[in-house]
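Below is one structure, written out as C-alpha cells, with a few remarks after it.
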C-alpha cells in the first residue's frame, strides 16, 4: 500500500540522537530507508535549541539557517537532550530562554520551507538527565509544537523506552562502537540499533505516514 512517503525528501536536524553519536546512522537513516525516502541529515553531536557557548554542536537553529533553501517534503528534528544539561548542570540559560529559541527555530523552518511538513521527535525518557528538567522542557516543547501545527513523534510518551531502568540502559543504549557497530551498556542517552528499531523507527514512521495522508 502506498503510504505517501516513497520518493519524498526529508531533512533531519538535531543532536547526536539524530546524527548517530559515534555511528553515522541513526533512526533517521533507518526510517528513510524503510520508507524509500531521500534523507539529508544536518544534525550535529552536542547541538542545543538554546545558545550555550560551551555546547559542542552549536544551535539547531544554525543547522536550519545553513541548510539549502530548496524545500523538502518533510522535516524531522529533535532537541532538548543537551539543553537539559545546559540548563540543569551548567546554568547556561533557563527553560524560558529555551522556549524562546525553540519558537525562533520553528518559525525559521516554517518561513524557509512553508510547504514542508515538520515533525518533532521527542526522545526517550533519559536516565542520564535530570528528570524535572526533562519534564519542564517536554511541557514547553509540546506546547510550542501544538501552537505551530508541528507534528510530534512521541517516543517519550508512546513507548516504554526509559533508561532510568538500568536493564533498558544496558540493553538499548551505547557510548562506543564494538567491531564497528553500536555496542551496549551506554550512559542511557544514545539508542543503539536495538533501541532504534524497537522504539524510534515504528513511532517516527507511523507519524510520517499519518501526516502524509492528510
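For the stretch 72-113 and the stretch 129-199, what is the separation of their Cα centres, given in Å?
Using only Cα atoms to place each centre, the spacing works out to 17 Å.
What FRET efficiency comes out for the pair residue 111/residue 33, r = Cβ-Cβ distance, R0 = 41 Å, nearest 0.05? Write down the numbers at each step before the final one.
Working: r = 30 Å, r/R0 = 0.73.
Between residue 111 and residue 33 the formula returns 0.85.
Please list the radius of gyration and Dmax for the chain, considering alpha-carbon atoms only, with Å as the unit.
16.0, 49
Using the scaling law 2.2 N^0.38 Å as the reference, what is the normalised Cα Rg of the stretch 148-214?
1.27
Taking neighbour counts of Cβ atoms within 10 Å as a proxy for exposure, in what order, fewest first, do 76, 211, 118 appear? Walk me through the numbers on the way to the answer.
Values: 76 28, 211 15, 118 21.
Fewest-to-most ranking of 76, 211, 118: 211, 118, 76.
Considering only 40, 105, 68, give the residue with the highest GNM mean-square fluctuation for the chain, with springs between Cα atoms whenever their separation is below 10 Å.
Looking only at 40, 105, 68, the largest GNM fluctuation is found for 68.
Which FRET efficiency value, to the nearest 0.05, is calculated for residue 209 and residue 91 with the Förster distance at 41 angstrom and r the Cβ-Cβ distance?
Efficiency at R0 = 41 Å is approximately 0.50.
So what is the 222 nm mean residue ellipticity for the chain from helices alone, if each DSSP H run of at least 4 adds -39500 (n - 2.57) and you divide by all residues, rounding to the nearest 500 deg cm²/dmol?
Helices in the chain give a 222 nm mean residue ellipticity of -11500 deg cm²/dmol.
Once you have all Cα-Cα distances for the stretch 75-154, histogram them in 5 Å bins from zero and send the whole-percent values.
So the P(r) values, bin by bin, are 3, 15, 28, 24, 17, 9, 3, 1.
When a footprinting reagent is the concern and you count Cβ atoms within 10 Å, what order do 193, 135, 37, 109 take, fewest first? List each step's numbers first, then the result.
Values: 193 17, 135 12, 37 20, 109 23.
Ranked by crowding around the Cβ, least crowded first: 135, 193, 37, 109.
Normalising by the residue count of the stretch 98-188, find the relative contact order in percent from Cα pairs under 8 Å and 6+ residues apart. Walk me through the intermediate numbers first.
Working: 109 pairs, mean separation 25.8, N = 91.
Relative contact order for the stretch 98-188 comes out at 28 percent.
Give me the percent relative contact order of the stretch 29-93, please, defined on Cα pairs under 8 angstrom at least 6 residues apart.
29
Mind checking which of 194, 47, 32 has the largest fluctuation in a GNM of the chain, springs on alpha carbons under 10 Å?
Highest fluctuation of the listed residues: 194.
Which value, in Å to one decimal place, does the Kirkwood hydrodynamic radius take for the stretch 6-56 when every pair of different Cα atoms is included?
Answer for the stretch 6-56: a Kirkwood hydrodynamic radius of 11.5 Å.
Over the chain, with a Gaussian network built from C-alpha contacts below 10 Å, which listed residue (180, 57, 80) shows the highest mean-square fluctuation?
It is 180.
For the stretch 9-212, what's the relative contact order in percent, using C-alpha pairs closer than 8 Å and at least 6 residues apart?
Worked out over the stretch 9-212, it gives 20 percent.
Fewest to most neighbouring Cβ within 10 Å: what's the order for 73, 90?
Listing 73, 90 from fewest to most nearby Cβ atoms yields 90, 73.
No lab work stands behind these numbers, since they all come straight from the coordinates. Predicted model, so just to flag it, every value in this text is computed and none were measured. Backbone-built Cβ (ideal geometry, glycine too); neighbour counts: all protein chains shown.
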